[in-house]
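Have a look at the structure below, then the notes.
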Amino acid sequence: MAKLKLALYWAGACGGCDVAVLDINEKILDVANLADIVFWPIALDFKYHHVEAMKDKAIDVCLFNGAIRSSEQEHLAKLLRAKSKVLVSFGSCACFGGIPALANLTTRAEIMERVYVEAPSNDNPGKTLPQTKTQVAEGELTLPELFESVLTLAQVVPVEYFVPGCPPTVDLILKVVNALATNSLPPVGAVIASNKTLCDECERKKEEKKITKIYRTHEIIPKPDKCLLEQGLLCMGPATRGGCGTLCVKVNIPCRGCFGPPAGVLDQGAKLVSAVASIYQTNGDEDIARMVNEVADPAGTFYRFGLSDSMLKKKRLQRR
Amino acid sequence: MKKVSIDPITRLEGHGKIEIFLNDDGDVANTYFQVPELRGFEKFCEGRPVEELPRIVTRICGV
């Protein structure tokens, strides 16, 4: 079999997804046997013009991580879509918006003001903000336009597969590598992770789900073997796809939902709100008001990794 | 004036590009380093519970 042509790209991301690929350690040699890497900014010195010069569909598989929040990232998404036979939405940012999508709780103008004017480390008395075009003595400099909202990859271009996780775990990445090696990719549109929820895969003891108080994580030390939600900690387990190996709950930290909604769930946050509402014991409006107050940051907790992909987000799907 | 673009800068965390302007003699007249990316942690961390920040700001850089 001819070697595959593999590309990896990061859009609005932290680089953790790229490093996760390196975390497969010596198995990276299997990847090297299987594929020639033709584009990977974190590791190799290919430029954008190299990609532009490729024929359409010249790349067999592109693992695309990061959210789309600028015209440059949108351009790269469209470019790599055109050049790739298989485009994989890789990691929580590309799949659901991820942590960068928390910016959808604010506006572009507020971000610019905070970052370039208000932040205490600035020295910017003229309140200069980045411009898409700047004239300098030698010519013109350009920057991409920052969109008003953070988008998922699939909101910009069609995508064949989704690999969730912040970052995707080594097991999942090896699953993708093996599927490529044996030419046994799942049907188009598949999410390469578990089809169960995190709760289904969690080994903690689950008894009766009844709570009378929601705690913040620093307020209690949870028992290590009992369901965290039953102990009053908001855990995204019931509303989150499994396949991560329950890494966070294993170390006594509640899930924050980085694998996104499970199959059949439209809105991850609404699903968890529904779950919490059904187990919180109340005797009327006063208790309900208390419960609402006990959730310190509803949007940032229930939609920690998923704002772009949520129903909430759709209200703000404009780019300027 | 001739312009040489290095885009993207590779093998580092984050996004950057370099624009090099050359004068008529082919010498470097000026060079600009630009960061064509912004996510806005400075803003969207506001309002998040402090105990949650270790799991948010770790995504500034995952390298």
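Here are a few things to note about the model shown:
- Paired Rg and Dmax values of the protein assembly as shown, which use every Cα atom, in angstrom: 22.4, 83
- The DSSP beta bridges internal to the range A:1-139 are antiparallel in roughly 10% of cases.
- Coupling constants for the range A:66-72 follow from the phi torsions by the Karplus curve (6.51 cos²θ - 1.76 cosθ + 1.60, θ = phi - 60°), and in residue order they are x, 8, 10, 9, 9, 5, 5 Hz; glycine and proline get x.
- Separation of the range A:1-62 and the range A:111-142, taken as the distance between their Cα centroids, equals 33 angstrom.
- 0 to 90° range, to nearest 10: angle between helix A:285-294 axis and chain A longest Cα axis: 40 degrees
- Annotation for the range A:218-314: GluC sites (Glu not before Pro) lying in DSSP loop with at most 15 further Cβ atoms inside 10 Å of their Cβ are A:Glu219.
- When the charge dipole of the range A:53-97 is built from unit charges on Cβ atoms (+1 for Lys and Arg, -1 for Asp and Glu) and taken about the Cα centre, the candidate among A:Ala94, A:Val61, A:Ser71 whose Cα reaches farthest toward its positive end is A:Val61.
- The protein assembly as shown - charge dipole about Cα centre, Lys and Arg +1 at Cβ, Asp and Glu -1, debye rounded to 20: 1000 debye
- Residues of type aspartates and glutamates that A:Lys5 reaches as a straight line, Cα spacing below 19 Å, ignoring anything fewer than 8 places off in the same chain: A:Asp18, A:Asp30, A:Asp36, A:Asp45, A:Glu52, A:Asp56, A:Asp60, A:Glu160
- Beta bridges per DSSP, both residues in chain A: antiparallel share near 30 percent.
- Per-residue HN-Hα couplings for the range A:276-284 [Karplus 6.51, -1.76, 1.60; θ = phi - 60°; Hz; x = Gly/Pro]: 5, 4, 7, 10, 7, 7, 10, 10, x
- Using the Cβ-Cβ distance between A:Thr107 and B:Tyr32 with R0 set to 30 Å, the FRET efficiency works out to roughly 0.60.
- Cysteines (scope chain A) whose Cβ has no counterpart Cys Cβ under 4.7 Å: A:Cys14, A:Cys17, A:Cys62, A:Cys93, A:Cys95, A:Cys199, A:Cys202, A:Cys227, A:Cys235, A:Cys244, A:Cys248, A:Cys255
- FRET efficiency for A:Leu266 and A:Lys133, using Cβ-Cβ distance with R0 set to 41 Å, rounded to 0.05: 0.50
- Taking other C-beta atoms within 10 Å as the exposure proxy, A:Trp10, A:Trp40 rank A:Trp40, A:Trp10 from fewest upward.
- Residues B:Arg11, A:Arg81, sorted so that the one with the fewest Cβ neighbours within 10 Å comes first: B:Arg11, A:Arg81
- Cβ-to-Cβ counts within 10 Å put A:Val159, A:Val38 in ascending order as A:Val38, A:Val159, the fewest first.
- The range A:167-243, Cα convex hull volume normalised per residue, Å³: 124 Å³
- Residue-averaged [θ]222 nm for chain A, counting only DSSP H segments that reach four residues, each worth -39500 (n - 2.57): -7500 deg cm²/dmol
- Label point 7 Å beyond Cα of B:Leu53 along Cβ direction - residues of the range A:114-153 with amide nitrogen under 16 Å: A:115, A:119-121
- Of the residues A:Thr128, B:Ile9, A:Leu4, the one whose Cα sits farthest toward the positive end of the charge dipole of the protein assembly as shown, with +1 on the Cβ of Lys and Arg and -1 on the Cβ of Asp and Glu, is A:Leu4.
Coordinate-derived values only; no laboratory data. Please read these numbers as outputs of a predicted model, since none were measured by experiment. In this analysis, Cβ positions are derived from the backbone assuming ideal geometry, glycine residues included, and neighbour counts consider all displayed protein chains.
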